[in-house]
Amino acid sequence: MNGAQALLKTLADAGVEVCFTNPGTSEMHFVAALDGEPRLRAVLALFEGVATGAADGYARMAGKPAATLLHLGCGLGNGLANLHNARKGKVPVVNIVGDHATFHTRYDAQLQSDIETVAKNVSPGFVRTVQSTAQLGRDAADAIAAARGLPGQVATLILPADVSWGEGGQPCAMLSPSAAPVADDAAVQAIAQAIRAAGAKAALLLGGQALREPGLLAAARIAAQAGVRLLAEVFPTRMERGAGLPAVERIAYLAEMAGVQLAGLEHLILVDAKAPVSFFAYPGKDSCLVPGGCRVHTLATPAQDACASLDKLVVALGAQQASPRLQPPQRPGRPRGPLTAPKVCKAVGQLLPEGAIVIDEAITSGLMLGAMTAGAPRHDLLTLTGGAIGQGLPNAVGAAIACPGRPVIALIGDGTAMYTIQALWSMARENLHVVSVIFNNASYSVLNVELARVGAQQGGAKAQAQLNLAAPRLNFAQLAQGMGVHAVRTRDAEEFCQALEYALATPGPHLIEALVPEALAGARRRLLPWLLRSLPSLPRPVALALKRRLAP
């Protein structure tokens, strides 16, 4: 075997079934070896950010890593944004980056760069440059083990070309992972005591593995027994939700609204989550969102077994027989009339099929999505964990490959869609059943909101032009058709519902372009900064009602 052949066998033996590729010259021996390993599916992406985002979406749904294949430091750089999102979401990815042959690096050729330094931004726990063909199998097994451990991580393996083509490669078995630790008895008893004393003034903040069915049910039993509130991190990696599962309220993106949700808490218990902070810094506002006087406890870190730790807390509170409160089935009804972003969300809630995977990168257009789909049939929700836009369409590619029997609905803003629009081509090439819904409001709407929130002056025509996508207005239906995806443009709710029904019933990729006005525009946008500033001084019931109306 040469090194590339040994690497592919090591990957396949460890259960890695898919590699998302955007190769170059230094990776040609890896490409040539693909035909000799039938267990590994290779999926071509036309941009590295699609490959890395697809690997992220695959791992979220498959529960194990995919591999990427990227070309040198420049290719890694093109894929960094979605590797950042994977890192923040604690998603396992085996990131393989080709490099120049070891004897070639001293010439500082045009594509030479310091790949390790670039990789450390997204792989702080594992970056390794393979030094020899004989060592490649062992290094690959170590990378897979690092990616799959708790917390999941991006493990980057840098593969010099001569290591790949060299003879004498040896596949290597991955060591069996050790069981994840569980919260110790003292921590569980201390948290149980705090919950008994505080009741409704305590909250469990759930993230990561705690937002899957076993963790949700355990947390809901605790809530039923002791009256604690259940909260979810603002951008969950993967959250199971819908009819028959406990309803959990996500922390709001806007810090002022999150402050309303958290006000009055005396104890905040973290379960595979971190204490909430504002997404950005704002003049005169605190970055930490934990209320003054509230004590923060950690039941389970990301390196611990969150579900087993919740089960221990259930026993400590005597909640084994408590009946969890479950979300009843409920559909929002079929929207009618001129199309708006809330009506698109309403249509999704009305038509969402059982077992769907919903990917939310709709930004401001998706404000009503959670409320409209709360009682829909059970589904998985994937969100923008690291805030680097351009994740949604690639995530949809990976999720569809991980779960070929489940429909994928990706709700995407127009600005973010253009970051990784090449994902549509991969959907068509792989014939994936993905329905991409693009909210075309011709604006970076969230940045118009942030312009006021950060205290900047509104500015004139030059400033406003940086946030406007109307000249020329993008035509996503035509872009999709040019990449082999069935696509339609919709202007009213009836058209949209018909298009969504057809797309869900017809295999293969589809794109529905929704021409909508901005969800936060005009008077609503002008009033929003004033309203947010006033929330802390309003009576709590009023503040909560306003929060739910704006961002339920």
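The values are calculated or read from the model by the stated rules, or taken from the named source; none is laboratory data. Computed from a prediction, not measured in an experiment: that's the story for all the values here. Note that each Cβ is placed from the backbone with ideal geometry, even for glycine, and that neighbours are counted across all protein chains shown.
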Next item on the list: For the stretch 433-443, indicate whether the set of residues that are among the β-branched types (Val, Ile, Thr) and more than 21 Å from Val348 (Cα to Cα) is non-empty.
Entry: no
Checklist line | Complete set of residues in the stretch 35-69 that are more than 14 Å from the chain's Cα centre (by Cα) and without any contact (Cβ under 8 Å) to a residue 40 or more places away in the chain | finding: Asp35, Gly36, Glu37, Pro38, Arg39, Leu40, Ala42, Glu48
Notebook entry, point to check: How many of the residues making up the stretch 314-359 are aliphatic (A, V, I, L, M), under 28 Å from the mean Cα position of the chain (by Cα) and not in a loop (DSSP other than H, G, I, E, B)?
Noted result: 9
Notebook entry, point to check: Among the candidates Arg533, Arg548, Arg526, which residue alone is within 27 Å of the chain's Cα centre (by Cα), farther than 30 Å from Pro394 by Cα and part of a helix (DSSP H, G or I)?
Noted result: Arg548
Check: Only one of Gly15, Gly24 is under 18 Å from Asp99 (Cα atoms), assigned by TED's automatic domain parsing to the domain that holds Ala101 and under 29 Å from the mean Cα position of the chain (by Cα); which?
Finding: Gly24
Checklist line | Every residue from the stretch 271-293 that is surrounded by fewer than 22 Cβ atoms within 10 Å (Cβ to Cβ) and not in a loop (DSSP other than H, G, I, E, B) | finding: Val277, Cys288
Item checked: The one condition in (1) assigned by TED's automatic domain parsing to the domain that holds Gly227; (2) farther than 25 Å from Glu518 by Cα; (3) free of Cβ contacts under 8 Å to residues at least 40 places away in the same chain that Ala306 fails to fulfil -> (3)
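Checking the condition crowded, with 19+ Cβ neighbours inside 10 Å, over 30 Å from Leu313 (Cβ atoms) and in contact (Cβ under 8 Å) with a residue 40 or more places away in the chain, which residue from Ile191, Ile144 passes?
Only one candidate qualifies: Ile144.
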Check: Does Ala134 satisfy the criteria of being part of a helix (DSSP H, G or I), small (Gly, Ala, Ser) and under 22 Å from the mean Cα position of the chain (by Cα)?
Finding: no
Margin query: Of the residues Pro92, Pro151, Pro181, only one is more than 19 Å from Asn22 (Cβ to Cβ) and crowded, with 22+ Cβ neighbours inside 10 Å; which?
Written below: Pro92
Check: Taking Gly264 and the conditions (1) under 23 Å from Ala198 (Cα atoms); (2) outside any loop (DSSP other than H, G, I, E, B), which numbered condition does it fall short on, given that it satisfies the others?
Finding: (2)
Item checked: Unique match (being at positive phi and in contact (Cβ under 8 Å) with a residue 24 or more places away in the chain) among Gly415, Gly390, Gly386 -> Gly390
Check: For the stretch 221-240, what are the residues that are farther than 29 Å from Gly392 by Cβ and either among the acidic types (Asp, Glu) or not in a helix (DSSP H, G or I) (or both)?
Finding: Gly227, Val228, Arg229
